[in-house]
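> Pasting a structure below so you can have a look.
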Amino acid sequence: MTSVVIIGASGGIGGALADAIEDEGAYDHVWRFARSFVGDDRLDLDDEASIAAAAERVATVESPSLVIVATGLLHDESRGPEKAMRQLDPAWLARQFAINAVGPALVAKHFLPIMAKTGTPVFAALSARVGSISDNRLGGWYGYRAAKAALNQLIATLAVEQRRHYERSIIVGLHPGTVDTALSKPFQGNVRPGQLLAPDRAAMQLLDVIDGLKPADSGKLFAWDGSKIEP
């Protein structure tokens, strides 16, 4: 039996990914987890016990060949991305790192050991182009940029270790582009015409990227159009 795990399946991109995978019918089962779900389907990136419980539940049934962490935090009800260093706040910085870097790393900690050891299993986490240090030309968005840069480093490091366990494993970061979701909603006015992707289109683009990955791509960051993003 082949299966997929989607973390953050209540979000715009996560839900679209799960729906698209189910519609394609290439996998036997799609596991959906999210913080807003109840019971066994709940997974909170702030709660490692819930991550471990979700992984244990999946492992008792099968070894997934694809795990996608489709989560991210750019703003909440009271805070947005910093425009200048005077807005830096330690609590908000810690929150950015907790959701955008630490959470996905903990998912990897518990899910990578249970993933399939045949074929080319893929572990992917949604990152962002703004996490690229070499691509930073505008500044601002301190916490989000730094947390996504940390995630990219974690992905690279996880890839090195995972090769020792199964050399055909693939671990990557994915930049979905600017997608019409709650995360991007306050900033869509700055998006050029034709550059705002619908969630279902973004999902299909990301799945195309995943389908084209090879073991040599492990540890890298790719955009929704398949282009590689430098650290």
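> Can you tell me which residue in the range 1-36 is surrounded by the most Cβ atoms within 10 Å (Cβ to Cβ), limited to those that are of a type in the set (Asp, Glu) and touching a residue at least 40 places away in the same chain (Cβ under 8 Å)? Working first, answer last.
Quick first cut of the range 1-36, residues of a type in the set (Asp, Glu) only: 19, 22-24, 28.
Restricting the remaining residues to those that are touching a residue at least 40 places away in the same chain (Cβ under 8 Å) gives 19, 24.
Values: Asp19: 17, Glu24: 10.
The extreme case among them is Asp19.
> Output the residue which, of all residues in the range 119-156 that are free of Cβ contacts under 8 Å to residues at least 60 places away in the same chain and closer than 20 Å to Lys214 by Cβ, is nearest to the chain's Cα centre (by Cα).
Filtering the range 119-156 for residues that are free of Cβ contacts under 8 Å to residues at least 60 places away in the same chain and closer than 20 Å to Lys214 by Cβ, the one nearest to the chain's Cα centre (by Cα) comes out as Ala125.
> Could I ask something else about it? Regarding the range 114-136, can at least one residue be identified that is in a helix (DSSP H, G or I), modelled with pLDDT of 95 or more and over 30 Å from Met85 (Cβ atoms)?
yes
> Moving on to the next point. Is it the case, given these coordinates, that Ala91 is free of Cβ contacts under 8 Å to residues at least 24 places away in the same chain, among the aliphatic types (A, V, I, L, M), more than 20 Å from Val179 (Cα to Cα) and in a helix (DSSP H, G or I)?
On the way: free of Cβ contacts under 8 Å to residues at least 24 places away in the same chain: yes; among the aliphatic types (A, V, I, L, M): yes; more than 20 Å from Val179 (Cα to Cα): yes; in a helix (DSSP H, G or I): yes.
Yes; evaluated as a whole, the condition is true for this residue.
> Which pairs do you get when a residue that is acidic (Asp, Glu), found in the range 72-84, comes within reach of a residue that is in a loop (DSSP other than H, G, I, E, B), reach meaning Cβ atoms under 7 angstrom, with the pair 6+ apart or on two chains?
Glu82/Leu88; Glu82/Gly140; Glu82/Trp141
> Look through Val130, Val122 and report the one residue that is touching a Lys or Arg at 6+ places or on another chain (Cβ under 9 Å), under 25 Å from Asp200 (Cβ atoms) and surrounded by 17 or more Cβ atoms within 10 Å (Cβ to Cβ).
Going through Val130, Val122 in turn, the sole match is Val130.
> Is there a residue in the range 187-194 that is more than 18 Å from the chain's Cα centre (by Cα), on the phi < 0 side of the Ramachandran plot and among the small types (Gly, Ala, Ser)?
The answer is yes, given that some residue of the range 187-194 is more than 18 Å from the chain's Cα centre (by Cα), on the phi < 0 side of the Ramachandran plot and among the small types (Gly, Ala, Ser).
> How about the range 166-189: which of its residues are outside any loop (DSSP other than H, G, I, E, B) and modelled with pLDDT of 95 or more? Spell out the reasoning first.
Initial filter on the range 166-189 (outside any loop (DSSP other than H, G, I, E, B)): 170-175, 178-179, 185-189.
Ile170, Ile171, Val172, Gly173, Leu174, His175 - these are the residues of the range 166-189 that are outside any loop (DSSP other than H, G, I, E, B) and modelled with pLDDT of 95 or more.
For (1) over 22 Å from the mean Cα position of the chain (by Cα); (2) surrounded by fewer than 20 Cβ atoms within 10 Å (Cβ to Cβ), each residue gets a yes or a no:
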| residue | (1), (2) |
| --- | --- |
| Thr71 | no, no |
| Leu74 | no, no |
| Arg79 | no, yes |
| Met85 | yes, yes |
| Leu88 | yes, yes |
| Leu93 | no, yes |
| Asn100 | no, no |
| Gly103 | no, no |
| Val107 | no, no |
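> Next question, about the same structure. Would you check which residues across the range 39-76 are under 14 Å from Pro113 (Cβ atoms) and among the hydrophobic types (A, V, I, L, M, F, W, C) and list them?
Scanning the range 39-76 gives Ile51, Ala52, Ala54, Ala55, Val58, Ala59, Val67.
The values are calculated or read from the model by the stated rules, or taken from the named source; none is laboratory data. Nothing here was measured: the structure is a model prediction, and the numbers come from that model. Please note: Cβ atoms are built from the backbone with ideal geometry, for glycine as well, and neighbour counts cover all protein chains shown.
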